[in-house]
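Here the structure comes first, spelled out in structure tokens, and everything after it is commentary.
Please treat every number below as a calculation from the coordinates, not as lab data. Every value quoted in this text rests on a predicted model; they were computed, and no experiment measured them. Methodologically, a virtual Cβ is constructed for each residue, glycine included, from the backbone with ideal geometry; neighbour enumeration extends over all protein chains shown.
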């Protein structure tokens, strides 16, 4: 496993300062700044196209931002990418398990990508599978798992290397109501049990609890950065969202 | 940074597992050169005359001449297959899982490249074994000395595949690669006919073949199979490997490559 030296444990799990990004003529993100504290659940709320996935791509360093600074657990993502990435667990919007391999083989592959092998990998795989209640599916091919099980498996995979910060990009997309609730409950449980901070990108209001930290992203800009209960003090969160963004429609707990 | 061998072993293990799970891939990789050997080469044996050219010390049958080219063909197709799987991984999102590993991108891409080449080399040895029963019997030591040549040629062709994969946006575009890369590279090379034969029909075509990196990969394999090193082919293959792999690392660099300006580039 890759071990850290340097940044202190007091640093926020994620610190984003003045981040902007362009795709050619399109300004995808504009001067985005916010922090995710240790052991907290932060909801990154925004409509499709708000810039959530772009921001995730910058945090995970799939590409570099045009300007600004991103730090994960005190490590600069551009200057110390290895150390920053070692502290990140990621669940991407598109499913990324290898359907040809079993769940255990998938996890062993990802453990290896973080330098964890042999007995340490075996033990940790058993541990995370138990955490997400998939121990009995270890030998099943990933392609045979249900949508909800695949999501839980991806969360298990993201936890393998004991990250400080878990990024989940629309983790409940495409799941039915029951599976959605399971994945959300699991994530909240992990914050308590594994002490991991979470950045949860979503466009679904129902997934946000009053105690959650909410960052409202719209057209690449942060419009609000506060506790959900504080934002919704005078009106429901959906109404606050409509007022701030100018979006006209919200259906069944989702931003249209 | 610790754990580099573990990361490489993990990537290589995945390549082998995927390969064993896709048996039709192994069969296709083997059947293709065998069809050329059993049918094409047998048919052309009487048409194409071959003079004595190094590394051969006597007249050789056309099947013997074409065998190193068919080894190259396996590596070429494997390289492009690797390119296809990179594009597929990008479309499915599996690519992201690889690239968010804390290890440097050159190491991750290089590990994936080497792992897929090792799988392809196994296919080459399976082909050489069948060819042995067909009467194509290079010296025993040649089976050992050809190994580094196969790895080097496979790395060069595989890195070309990776470079191409970085420029392809969608899986559908891969058919174009087949038409514009694999076939011209294979046919405009010394794989099927010696270059001096090419010069007789067209000096321009001869020059094109002489510039084709695949020609040098094939010649490297041909000489190595007889325990010899062809310095020019070695230099060109090494140079192209550095060039293509350098280009791949550049293209996949988050700060420099094409991904930077592409929305959803690595998905």
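For chain A, the relative contact order is 25 percent, taking Cα pairs closer than 8 Å that sit 6 or more residues apart in sequence and dividing their mean separation by the residue count.
Across chain A, how large is the tail of the calculated P(r) beyond 25 Å, expressed as a percent of all Cα pairs?
On the way: 14071 of 32640 pairs.
Tail of the P(r) past 25 Å holds 43 percent of the pairs.
Reported value for segment B:152-250: 102 Å³ per residue, from the convex hull of its C-alpha atoms. Mind jotting down the distance between the C-alpha centroids of segment B:146-160 and segment B:212-246, whole Å? Answer, in whole Å: 8.
Determine, from the Cβ-Cβ distance of residue B:27 and residue A:181 and an R0 of 56 Å, the FRET efficiency 1/(1 + (r/R0)^6), rounded to the nearest 0.05.
The formula returns an efficiency of 0.75 here.
Scaling against 2.2 N^0.38 Å puts the C-alpha radius of gyration of the protein assembly as shown at 1.13. By the beta-carbon count within 10 Å of each Cβ, the least crowded to most crowded order of A:33, A:94, fewest first, is A:33, A:94. Compute the acute angle (0 to 90°) between the alpha-carbon long axis of helix B:142-167 and the principal axis of greatest extent of the alpha-carbon atoms of chain B; round to the nearest 10°. In chain B, helix B:142-167 runs at an angle near 50 degrees to the longest axis. With a Förster radius of 30 Å applied to the C-beta separation of residue A:135 and residue A:76, the computed FRET efficiency comes to 0.20.
The modelled label-to-label distance for the pair residue B:140/residue A:31, using points 7 Å beyond Cα in the direction of Cβ, is 7.7 nm. If you look at the Cα atoms of chain B, you get an Rg and a Dmax of 18.9, 59 Å. Nearest 5 is fine: what % of DSSP beta bridges in chain A come out antiparallel, could you say? Antiparallel: roughly 55 percent of the beta bridges in chain A.
Each peptide in B:154-167, B:220-233 was scored by the mean count of other Cβ atoms within 10 Å over its residues; highest first, the order is B:154-167, B:220-233. Orientation-averaged projection of segment B:54-132 equals 6.9 nm² [convex hull of Cα atoms, one quarter of hull surface area].
Normalised by the number of residues in segment B:1-149, the mean separation of alpha-carbon contacts (under 8 Å, six or more apart) gives a relative contact order of 34 percent. Within the protein assembly as shown, antiparallel bridges make up roughly 55 percent of the DSSP beta bridges whose residues both belong there. Length, then width, then depth: along the principal axes, the Cα atoms of segment B:72-228 run 49, 37, 26 Å. Entry note, segment B:4-260: relative contact order of 25 percent, from Cα contacts under 8 Å with a spacing of 6+ residues. Distance between the 7 Å Cα→Cβ label points at residue B:253 and residue B:238: 2.4 nm.
Legend: mean number of C-beta atoms from other chains within 10 angstrom of residue C-beta atoms, peptide A:182-189, equals 0. What is the angle, in °, between the Cα long axis of helix A:147-159 and the longest principal axis of the Cα atoms in chain A? Nearest 10 is fine, range 0 to 90. For A:147-159 against chain A, the angle is about 80 degrees. Does segment A:146-255 classify as rounded, prolate or oblate by the C-alpha gyration tensor (a ≥ b ≥ c root eigenvalues; a/c under 1.5 gives rounded; else a/b over b/c gives prolate, otherwise oblate)? In terms of gyration-tensor shape, prolate.
For a footprinting-style exposure proxy, rank A:219, A:137, B:2, A:52 by other Cβ within 10 Å, fewest first.
Ranked by crowding around the Cβ, least crowded first: B:2, A:219, A:137, A:52.
The angle between the Cα long axis of helix A:118-131 and the main principal axis of chain A comes to about 50°, on a 0 to 90 degree scale.
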